Amino acid sequence: MKATPFATPMCSFYLCFFFFFFFLCFSTSFAANVPNGGDVAALLTLKNSIDPQGSLPWRRETASGLCGGWNGVKQCNPGGRVTKLVLEFLNLTGTMSRDLLAPLDQLRVLSFKSNSLSGAIPDLSHLVNLKSLYLSENQFSGQIPANLDLLHRLKVIALSGNLLSGPIPVSLVSLPRLYELMLEDNRLTGQIPAFNQPSLRYLNVSGNDLSGEIPATRALSQFNASSFHDNANLCGAQIGVPCTQKLIFPPSSISPGSSLDHVNAFPPFLPPTGSNHSRRRAIAIVAGSVAGALFLSICLALALLWFCNRNRRRPVVETRSVGYESGAGRNKPDEEGGAAVGGSGGGRGDKGGFSWEAEGLGKLVFCGAVGEMYSLEELLRASAETLGRGTVGSTYKAVMESGFIVTVKRLKDASRPPPEEFGRRMEELGRLRHPNLVPLRAYFQAKEERLLVYDYFPNGSLFSLIHGSRPSGSGKPLHWTSCLKIAEDVASGLAFLHQTSPVTVHANLKPANVLLGPDFESCLADYALIPTLLLHDDAFPSSSSAAAASSSSLFYRAPEARSSQSFTPLSDVYSFGVLLLELLTGKAPFQDLLEEPGGDVTRWVRSVRAEERNDSGEEAGGGSSSGNEAATAAAAATAEEKLTALLNIAAACVAVEAERRPAMREVLRMIREARAEAMVASSNSSDHSPGRWSGTVQSLPREYGSEGFTERD
């Protein structure tokens with residue numbers, strides 16, 4: 001058959017396209033393994049400036065192992081550019097020149113936390129992709145760079161514990177994604193800018209010399225006095241100090257050079273002369289008649305509105321379940337759904353949602369010094385998705401018409417405890433603020449309804465991080481560096497709860513109630529709900545405690561708390577130990593640790609991790625060279641040392657006798673010591689394996705896409 005005139009050109013086109021596509025894939029794959037020369041040079045220059053003691057074993061001869069091999073270089077993009085640089089607890093000293101970091105323009109996470117760096121903060125305006133900046137606990141001086149507003153993706157600014165002076169740059173108000181601003185313990189002066197970003201969730205400016213009135217914006221009104229204390233000249237509703245003088249017009253509305261002259265631009269009011277007396281009397285009569293008619297109209301309108309509301313029932317807001325945990329088979333009756341978990345399940349949800357009787361409708365009370373961030377009506381009109389149903393109630397994701405997202409927990413029992421006690425306890429919980437707690441923002445109670453409102457956390461729970469979508473509840477053990485980071489976060493939150501007055505006990509600690517923040521920090525949810533809501537009369541009888549919670553949830557509970565509901569800080573320590581074992585093994589506690597009192601928990605954990613290494617082929621490297629074998633042996637020795645430290649902590653926490661368990665502050669101290677030693681050991685060894693932390697968080701569901709989130713060890 002004779003070929004058509006276009007057959008040969010089309011074949012050539014497809015052939016050329018195939019080769020071009022193959023070349024593009026090959027070159028991209030090759031480039032991913034070749035570090036960028038500019039980044040190598042920039043990092044070596046950085047080392048020469050701040051590492052006189054040689055804490056960083058960076059050498060040009062090892063540049064080929066930059067991504068994953070150089071200590072502190074935690075992540076690179078496919079083009080070999082460094083995107084995550086974490087240099088913490090390395091005793092770095094010296095100063096950085098203004099443009100020292102400019103070549104590293106692909107950085108997304110930059111951390112020099114807990115070193116001894118001094119001088120001015122270098123110019124960061126070239127780091128246009130930066131999302132998280134951690135410079136805390138150093139000796140930086142000078143002013144905060146005013147051009148940080150050029151970094152539109154910036155979400156976290158942590159500059160606490162330095163010697164910074166001058167004002168807080170007003171330009172920070174224009175950062176659209178700002179989530180955390182930590183400026184405490186510096187020498188900052190001037191007024192607090194009017195931050196009003198809906199994304200702002202953590203702020204601390206305490207321990208400075210700030211003055212003036214704290215702006216009463218919606219964002220700043222959610223923080224209590226602890227965020228502003230040790231600033232002698234501050235005033236405002238947030239700290240309970242009234243401001244004696246207020247400007248007629250805010251400074252921002254006055255143009256330069258105009259002063260307040262325009263305040264006097266209106267002509268003075270002059271009293272009328274006696275010749276206009278009759279006119280004044282007629283005007284007064286007319287005005288009185290109009291005012292009386294207006295008053296009667298308002299009274300009639302209010303009466304009509306009250307009558308309509310009395311006979312009106314709010315429509316039910318339809319909800320659809322999106323699943324609580326990533327595995328559809330993992331939804332359990334006792335899984336609380338945390339305070340603000342996000343998930344993506346495929347199961348069908350029960351129809352239901354927000355429906356209240358208008359008669360006897362209560363008030364939405366915002367906790368702490370927070371002003372009204374939204375009205376009850378806005379909350380009632382929000383669309384809702386069911387996140388989970390548990391022992392104390394159901395959890396919903398509520399999306400308001402304004403786009404503001406919160407998590408609402410609807411309690412099962414609205415009669416216990418009594419209203420006065422419930423309100424008092426919710427006020428106590430609402431005042432608790434800590435970076436590792438999911439904050440209670442507001443609560444609502446009426447005759448037959450009680451609601452708790454929390455921040456929404458779209459990154460899911462620790463359960464999802466460990467187990468992913470596996471319905472069996474068995475996942476891969478996390479790398480020891482990730483275990484240390486998570487353990488420190490959870491222990492820090494628990495230690496804070498245990499030092500409150502009165503003491504706050506979590507009483508329901510498990511991975512499902514540990515949520516992941518925007519930087520994948522671990523935050524405790526549902527703390528103190530069981531002691532507050534369920535231990536009244538027969539709401540949670542001891543004889544049916546096993547029936548009230550699934551077997552897996554029961555295994556997190558300390559022995560003394562299973563029958564008598566004796567929840568204490570030491571029972572939280574037991575739950576923490578079980579959670580730590582789950583981190584180390586990747587296995588949910590479906591078997592009670594008490595069933596085999598003579599069992600060797602330490603040996604069991606080691607065997608599980610060894611089995612996982614064999615299954616993943618980590619030990620089948622082939623031994624291509626003696627150098628690789630030595631590096632592998634050093635990494636294994638370092639991992640074994642850290643595993644031993646974590647195992648010792650977990651074993652102490654799960655002691656059957658409560659008096660043998662350490663206090664949570666002691667547990668936190670041991671974890672921090674182990675993590676500090678790990679930082680030093682990592683800088684002197686070849687154990688630079690990123691583990692499963694980065695890979696796991698990449699697989700989690702995103703609410704707003706990957707650009708809105710950061711990662712940090």
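The values are calculated or read from the model by the stated rules, or taken from the named source; none is laboratory data. Keep in mind that what you see is a predicted model, and the values were worked out from it rather than measured. Cβ: placed from backbone, ideal geometry, glycine included. Neighbour counts: every protein chain shown.
Looking only at the stretch 555-564, filter to residues that are at pLDDT below 85 and out of contact with any Asp or Glu (no Cβ under 8 Å at 6 or more places or on another chain); which one of those is surrounded by the most Cβ atoms within 10 Å (Cβ to Cβ)?
562
Kindly indicate which of 185, 149 is under 25 Å from the mean Cα position of the chain (by Cα), surrounded by fewer than 22 Cβ atoms within 10 Å (Cβ to Cβ) and on the phi > 0 side of the Ramachandran plot.
Exactly one of 185, 149 is under 25 Å from the mean Cα position of the chain (by Cα), surrounded by fewer than 22 Cβ atoms within 10 Å (Cβ to Cβ) and on the phi > 0 side of the Ramachandran plot, namely 185.
Within the stretch 565-584, is there a residue that is more than 23 Å from residue 500 (Cα to Cα), in contact with a strand residue (DSSP E or B) (Cβ under 6 Å, 6 or more places away or on another chain) and modelled with pLDDT of 70 or more?
Checked against the condition, which is being more than 23 Å from residue 500 (Cα to Cα), in contact with a strand residue (DSSP E or B) (Cβ under 6 Å, 6 or more places away or on another chain) and modelled with pLDDT of 70 or more, the stretch 565-584 yields no hits at all.
Determine whether residue 114 is in a loop (DSSP other than H, G, I, E, B), out of contact with any helix residue (DSSP H, G or I) (no Cβ under 6 Å at 6 or more places or on another chain) and among the polar types (S, T, N, Q).
For residue 114, the condition - in a loop (DSSP other than H, G, I, E, B), out of contact with any helix residue (DSSP H, G or I) (no Cβ under 6 Å at 6 or more places or on another chain) and among the polar types (S, T, N, Q) - is met.
Could you check, for the stretch 484-501, whether at least one of its residues is among the acidic types (Asp, Glu), touching a helix residue (DSSP H, G or I) at 6+ places or on another chain (Cβ under 6 Å) and under 23 Å from residue 569 (Cβ atoms)?
The answer is yes, given that some residue of the stretch 484-501 is among the acidic types (Asp, Glu), touching a helix residue (DSSP H, G or I) at 6+ places or on another chain (Cβ under 6 Å) and under 23 Å from residue 569 (Cβ atoms).
Scan the stretch 92-145 residue by residue and report those that are closer than 21 Å to residue 37 by Cα and β-branched (Val, Ile, Thr).
109, 128
Among 217, 189, which is the only one that is among the β-branched types (Val, Ile, Thr), under 18 Å from residue 439 (Cβ atoms), assigned by TED's automatic domain parsing to the domain that holds residue 153 and not in a helix (DSSP H, G or I)?
217
What are the residues in the stretch 136-146 that are surrounded by 21 or more Cβ atoms within 10 Å (Cβ to Cβ) and either within 18 Å of residue 108 (Cβ to Cβ) or polar (S, T, N, Q) (or both), if any?
So the first thing to find is which residues in the stretch 136-146 are surrounded by 21 or more Cβ atoms within 10 Å (Cβ to Cβ), and the list is 136, 138, 140, 144.
136, 138 - these are the residues of the stretch 136-146 that are surrounded by 21 or more Cβ atoms within 10 Å (Cβ to Cβ) and either within 18 Å of residue 108 (Cβ to Cβ) or polar (S, T, N, Q) (or both).
This table checks each residue for (1) at pLDDT 90 or above; (2) surrounded by 15 or more Cβ atoms within 10 Å (Cβ to Cβ).
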{"site": "2", "(1), (2)": "no, no"}
{"site": "14", "(1), (2)": "no, no"}
{"site": "59", "(1), (2)": "no, no"}
{"site": "64", "(1), (2)": "no, no"}
{"site": "67", "(1), (2)": "no, yes"}
{"site": "83", "(1), (2)": "yes, yes"}
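Please find, among 107, 44, 101, 92, the residue that is surrounded by fewer than 20 Cβ atoms within 10 Å (Cβ to Cβ) and at pLDDT 90 or above.
Only one candidate qualifies: 44.
With assigned by TED's automatic domain parsing to the domain that holds residue 678, surrounded by fewer than 24 Cβ atoms within 10 Å (Cβ to Cβ), farther than 20 Å from residue 199 by Cα and modelled with pLDDT of 90 or more as the only criterion, which of 470, 441, 425 stands out?
425
Exactly one condition in (1) under 28 Å from residue 216 (Cα atoms); (2) charged (D, E, K, R); (3) assigned to a strand (DSSP E or B) is false for residue 401; which is it?
Of the numbered conditions (1) under 28 Å from residue 216 (Cα atoms); (2) charged (D, E, K, R); (3) assigned to a strand (DSSP E or B), the odd one out for residue 401 is (3).
Within the stretch 514-525, does at least one residue satisfy the condition of being at pLDDT below 80, in a loop (DSSP other than H, G, I, E, B) and within 23 Å of residue 451 (Cβ to Cβ)?
No, because not a single residue in the stretch 514-525 is at pLDDT below 80, in a loop (DSSP other than H, G, I, E, B) and within 23 Å of residue 451 (Cβ to Cβ).
Kindly provide the set of residues from the stretch 371-398 that are under 30 Å from residue 216 (Cβ atoms) and among the acidic types (Asp, Glu), ordered by number.
Of everything in the stretch 371-398, those that are under 30 Å from residue 216 (Cβ atoms) and among the acidic types (Asp, Glu) turn out to be 372, 377, 378.
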